[in-house]
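Written below as structure tokens is the structure these notes are about.
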Amino acid sequence: MNKLLVLVVLTVFAGQLYALEATEATEATEATEATEATKVALTAEQKGLQIVTEVDRRDTGYGDTQSDLKMILRNRNGDETERLLSMKILEVIGDGDKSLSVFSKPRDIKGTAFLSFTHALVADEQWLYLPALKRVKRISSSNKSGPYLGSEFAFEDLTSFEISKYQYKFLADEVMNGIDCFVVELYPQYKHSGYTRQIVWVDKERYIPLKTEYYDRKNALLKTLENKSYKQYLGQFWRAHEMLMTNHQNGKSTVLLWQNYRFQNGFTARDFDRNSLKRVR
């Protein structure tokens, strides 16, 4: 093959290669732009749901937990009362979790037990065992906004989080205490909730809630929950070891200090039936 013909062939091949690279580059650019356009196209409601769904996904699969808890109640004057209890939780895939809390101190409420079945689409089921009366009392749906044994936590604050219980709206990106956060608004979908809405600050890196503001039925700020001292377990699951609930309307607060987390204890549904309330005495 003469040199002229070789030169022509190489020139044509180079042109085809350049055209192919240009086409691939154009397609890659268009794909990137399409992805960015999809991100931009998300509504505030869709983005809020997307964030909360990821929070839920990362905390799914722990099986069960057992832990010890100190509850510190403070009145508006700063006087403190302490309570000790243990808590067991059974994860229920496809429905809400089951939990059993048993108080050991002080003596006047020793043996008091609280059993909760959280549900995604129907009202939660909750029972309270009162040793002084030696009876199990079912907590009505309309009473779930009431205080849990004199604390600033309501009964509904102590049930597991289920995505379908709320509607969501992304509000903003915000830095809180040096941590990049998503700010998401939650609207309760069950009529007996004591709240009109909640605003949650979610750590962008770990997808854990750092702070929650609760607004009452008049849409006034009622309480703020701060989750602190997080630790990771089993290489995946984050748990706050300090939770501070401050009531802005009555000046009271409650601190929960968690200790001795144990995962995957082999609990079954039988450990969380109504009879289990009496067996813990």
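Contact map, the range 169-198: residues that are within 30 Å of E125 (Cα to Cα) paired with residues that are outside any strand (DSSP E or B) and among the β-branched types (V, I, T), Cβ distance under 6 Å, separation 6+ or inter-chain. Pairs shown: V184/I51.
Every residue, every condition in (1) assigned to a strand (DSSP E or B); (2) aliphatic (A, V, I, L, M); (3) surrounded by fewer than 20 Cβ atoms within 10 Å (Cβ to Cβ); (4) modelled with pLDDT under 85, yes or no:
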{"site": "R138", "(1), (2), (3), (4)": "yes, no, yes, no"}
{"site": "S142", "(1), (2), (3), (4)": "no, no, yes, yes"}
{"site": "S145", "(1), (2), (3), (4)": "no, no, yes, yes"}
{"site": "S160", "(1), (2), (3), (4)": "no, no, no, yes"}
{"site": "E174", "(1), (2), (3), (4)": "yes, no, yes, no"}
{"site": "V183", "(1), (2), (3), (4)": "yes, yes, yes, no"}
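Of the residues making up the range 113-137, those that are in contact (Cβ under 8 Å) with a residue 40 or more places away in the chain and under 13 Å from T159 (Cα atoms) are F114, L115, S116, F117, T118, H119, A120, A123, W127.
Condition first: at pLDDT below 95 and surrounded by 10 or more Cβ atoms within 10 Å (Cβ to Cβ). Can you find one or more residues in the range 42-51 that meet it? So far as the range 42-51 goes, yes, one or more of its residues are at pLDDT below 95 and surrounded by 10 or more Cβ atoms within 10 Å (Cβ to Cβ). Among the residues of the range 79-111, those identified as modelled with pLDDT of 90 or more, closer than 26 Å to Y62 by Cβ and not hydrophobic (A, V, I, L, M, F, W, C) are R83, S86, K88, E91, D97, K98, S99, S101, S104. If I ask for residues that are aliphatic (A, V, I, L, M) and either surrounded by fewer than 18 Cβ atoms within 10 Å (Cβ to Cβ) or touching a residue at least 24 places away in the same chain (Cβ under 8 Å) (or both), which ones from the range 241-253 would you list? Scanning the range 241-253 gives a single hit, M245. Would you call K211 in a strand (DSSP E or B), surrounded by 13 or more Cβ atoms within 10 Å (Cβ to Cβ) and not β-branched (V, I, T)? Answer is yes for this residue. No other residue among G61, G48 is in the same structural domain as D271 (by TED's automatic domain parsing), within 16 Å of the chain's Cα centre (by Cα) and of a type in the set (G, A, S) apart from G61. Pairs meeting the criteria (first residue in the range 85-112 and assigned to a helix (DSSP H, G or I), second residue among the small types (G, A, S), beta carbons under 9 Å, at least 6 apart or on different chains) are D108/A132; I109/A132. For R270, state whether it is in contact (Cβ under 8 Å) with a residue 60 or more places away in the chain, closer than 21 Å to T118 by Cα and either of a type in the set (K, R) or not assigned by TED's automatic domain parsing to the domain that holds S101 (or both). In short, no.
For the condition within 25 Å of I72 (Cβ to Cβ) and modelled with pLDDT of 95 or more, E152 qualifies.
The values are calculated or read from the model by the stated rules, or taken from the named source; none is laboratory data. Note that the coordinates shown come from a computational prediction; the quantities given were computed from them, not determined experimentally. Heads up, the Cβs are rebuilt from the backbone with ideal geometry, glycines too, and the neighbour counts pull from every protein chain shown.
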